[in-house]
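One structure is given here, and the rest of the page talks about it.
The values are calculated or read from the model by the stated rules, or taken from the named source; none is laboratory data. Since this is a predicted model, take the numbers as computed values, not measurements. All Cβ positions, even for glycine, are placed from backbone atoms using ideal geometry, and neighbour counts span all protein chains on display. Accessible surface areas use protein heavy atoms only, side chains included; no ligands, DNA or RNA. Shrake-Rupley method; radii C 1.70, N 1.55, O 1.52, S 1.80 Å.
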Amino acid sequence: MLGPDSETMAKKVAIVGAGVSGLASIKCCLDEGLEPTCFERSDDIGGVWRFTEDVEEGRASLYRSVVSNTCKEMSAFADFPYPEDFPVFLPHAKLLEYLRMYTKHFDLQKHIQFKSTVISVRKCPDFSATGQWDVVTETDGKQKSAIFDAVMVCIGYLADPSVPLKSFPGLDKFKGQYFHSRYYKSPEVFKDKTVLVIGMGNSGTDIAVEATHTAKKVMLSTERGAWVISRVFDNGYPWDMVFLTRFMNIVRNILPGRFTGWLIENRVSQWFNHANYGLIPKDRTVTREPILNDELPSCIITGKVSVRPEVKEFRENAVVFVNAPGAEEVDVVVFATGYKASFPFIDESIVKVENQQASLYKYIFPPRLEKPTLAFIGFLRPFGAVMPVVETQARWVTRIFNGLCKLPPVTEMMEEVNEKKKNKLNWFGLSFDEVLKTDCLVYMDQLASYIGIKPSVPALLLQDPELALKIFFGPCSAYQFRLSGPGKWDGARNAIMTQWERTVKPTRIRVVEDSGSFLTYLLKVLAIFAIFVGIFFSFN
């Protein structure tokens with residue numbers, strides 16, 4: 001409990017999980033003068049990005065071929081760029097290597113207790129006065145209790161698979177093999193088999209494409225469809241560095257929602273006509289998370305993958321699809337049907353997950369707690385890279401823990417939470433099909449404004465116009481949130497100015513002369529005019 005000298009003592013913070021969110025939280029605690037203790041149930045850092053041959057209980061599982069869907073510049077922590085020779089999109093081993101470098105650089109590992117499972121997080125009897133928590137952990141079969149001034153939950157939502165078996169009549173009679181995508185590791189399991197993958201998220205699509213390397217036949221079943229884009233975007237640059245800019249985001253958010261949707265539909269269909277490939281989304285009034293897959297269209301057009309509608313029923317050795325004339329023989333079924341979010345070590349009276357969401361202010365704080373000393377980091381699905389988002393969350397949370405930032409009144413927080421639960425269609429900008437999905441640029445700007453780290457483009461136009469242009473028209477990388485304010489990093493400006501060089505470095509091993517063109521010069525001139533137009537719309 002708090003003693004007479006508690007005001008001068010560093011507040012103790014328990015962090016659950018040593019994945020991306022947990023590591024960022026440790027670092028942000030240290031930046032704010034807090035004392036973090038991270039409990040990690042496995043024997044290593046990395047969370048979802050640490051590949052293991054076996055599926056570990058309570059930890060997200062990875063298949064061998066996973067590559068990041070967001071590029072290294074957009075995925076970097078704000079004060080720690082990736083090495084310039086790392087590939088643009090990262091195999092899991094490279095991303096884990098980056099996390100190890102981050103951990104070593106900021107000396108985070110000494111704050112982690114490995115093979116320590118959090119059993120319960122309970123309010124202390126005098127919580128309304130102290131905001132403290134009783135955290136019970138288990139290590140080597142022995143439980144122990146400790147008191148913490150605050151708790152950060154960083155376990156994500158990719159450990160408890162959702163397999164809606166009751167939604168598939170006849171599955172109990174099916175004699176073939178079936179399993180959730182969580183248990184998939186490599187395509188050898190499909191050798192010479194007829195494979196059906198149910199669910200068209202990124203994992204399901206990856207598995208379907210990879211199954212073609214060994215399987216006799218591959219079918220991909222989807223009810224809702226999806227937009228499919230390539231990591232390789234305009235002029236061969238990463239999709240997120242082109243798409244996720246402040247200028248483009250302003251354009252998307254000032255236009256009517258239907259028109260914004262039409263623009264995205266038109267853009268993604270320039271690669272291939274989604275209707276012809278059986279992929280076009282069923283409901284185009286909302287934005288589903290796009291599928292990042294460079295090979296799927298090729299697999300479909302060459303007959304390696306057949307896209308089918310939803311499953312109607314299973315038979316002993318076959319499956320019947322909706323609106324299909326007959327049954328298709330199937331040997332192996334993979335359910336890529338997502339995950340169930342849960343926090344079993346926290347009482348439901350504090351936070352309860354219903355319909356894959358929880359009543360959390362800004363996806364972080366239970367709004368009705370007497371003291372804001374419990375935070376959930378990474379419990380959302382940003383339309384973009386996760387690392388900068390969870391880092392910004394952790395920066396805000398730790399400043400609330402030490403009293404430098406404040407939450408609004410409970411009524412205001414509850415009003416926003418309840419409004420978000422309705423998941424209404426937006427008249428302007430993007431509307432997402434699930435509450436946990438959010439526009440990462442808008443969201444990070446909101447949190448950054450609370451901290452005092454959001455870059456001011458108008459001010460920079462007067463002070464540093466070259467940097468202002470890079471920030472407004474260039475990729476909205478996390479370095480922008482280290483230019484000023486708390487946590488300012490002296491290398492932020494240089495990181496922004498050189499991010500394109502780091503992007504092309506690993507792909508330009510064979511150096512060729514790149515002569516400029518008049519069109520390039522003209523576009524630069526027009527950019528100066530466009531920035532003033534964009535700023536006018538964003539501030540009026």
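For region 167-263, GluC sites (Glu not before Pro) are listed when DSSP marks them as loop and at most 14 other Cβ atoms sit within 10 Å of their Cβ; the list is E223.
The shape of region 10-77 can be summarised by an equivalent ellipsoid whose semi-axes, obtained from the alpha carbon gyration tensor, come to 25, 17, 6 Å from longest to shortest.
The DSSP beta bridges internal to the chain are antiparallel in roughly 45% of cases.
Let me know the whole percent of all Cα-Cα pairs from region 365-486 that are separated by more than 23 Å. Cα-Cα pairs of region 365-486 separated by over 23 Å account for 39 percent.
Taking all protein chains together and rolling a 1.4 Å probe, I155 ends up with roughly 70 Å² accessible. Only helices reaching 15 angstrom along their own axis (Cα) with mean Kyte-Doolittle hydropathy no lower than -0.5 count here, and for the DSSP H runs of the chain these are 20-31, 257-268, 387-401, 440-451, 518-538.
In straight-distance terms, cross-link reach from K175 covers every one of the lysines whose alpha-carbon lies under 19 Å from its own, apart from those fewer than eight places away in the same chain; here that gives K166, K191, K193, K216, K217, K312. Listed options for Rg and Dmax of the Cα atoms in Å are (i) 24.2, 77; (ii) 29.3, 96; (iii) 22.6, 73. The value calculated from this structure is the one marked (i). Among the protein heavy atoms of the chain, carbon and sulfur supply 53% of the accessible surface, probe 1.4 Å, non-protein parts ignored. In order along region 340-351, the phi-based Karplus estimate (6.51 cos²θ - 1.76 cosθ + 1.60, θ = phi - 60°) of 3J(HN,Hα) comes to 9, 7, 7, 10, x, 8, 10, 4, 5, 5, 8, 8 Hz; Gly and Pro are listed as x.
Taking GluC sites (Glu not before Pro) across region 322-392, the ones in a DSSP loop with at most 13 further Cβ atoms lying within 10 angstrom of their Cβ are E348, E370.
Report, in deg cm²/dmol and to the nearest 500, the calculated mean residue ellipticity at 222 nm for the chain, where each DSSP H run with n ≥ 4 adds -39500 (n - 2.57) and the sum is divided by the residue count. All intermediate terms of the calculation are to be shown ahead of the outcome.
Numbers: 17 runs with 165 residues, N = 540.
Computed mean residue ellipticity for the chain: -9000 deg cm²/dmol.
3J(HN,Hα) couplings calculated from phi for region 231-241 with the Karplus curve 6.51 cos²θ - 1.76 cosθ + 1.60 (θ = phi - 60°) are, in sequence order, 4, 8, 9, 3, 6, x, 7, x, 4, 6, 6 Hz; Gly and Pro show x.
Shape of region 67-207 from its Cα gyration tensor (a ≥ b ≥ c, root eigenvalues): rounded if a/c is under 1.5, otherwise prolate when a/b > b/c, or oblate? Verdict is oblate for region 67-207. Loop-only GluC sites (Glu not before Pro) in region 35-93, please: DSSP not H, G, I, E or B, and at most 10 other Cβ atoms within 10 Å. For GluC sites (Glu not before Pro) across region 35-93 that sit outside H, G, I, E and B with at most 10 neighbouring Cβ atoms in 10 Å, the list reads E53, E57.
Summed over the residues of the chain and divided among them, the accessible surface reaches 47 Å² per residue at a probe radius of 1.4 Å.
The 3J(HN,Hα) values that the Karplus relation (6.51, -1.76, 1.60; θ = phi - 60°) gives for region 299-305 are, in residue order, 5, 6, 6, 9, x, 6, 10 Hz. Gly and Pro appear as x.
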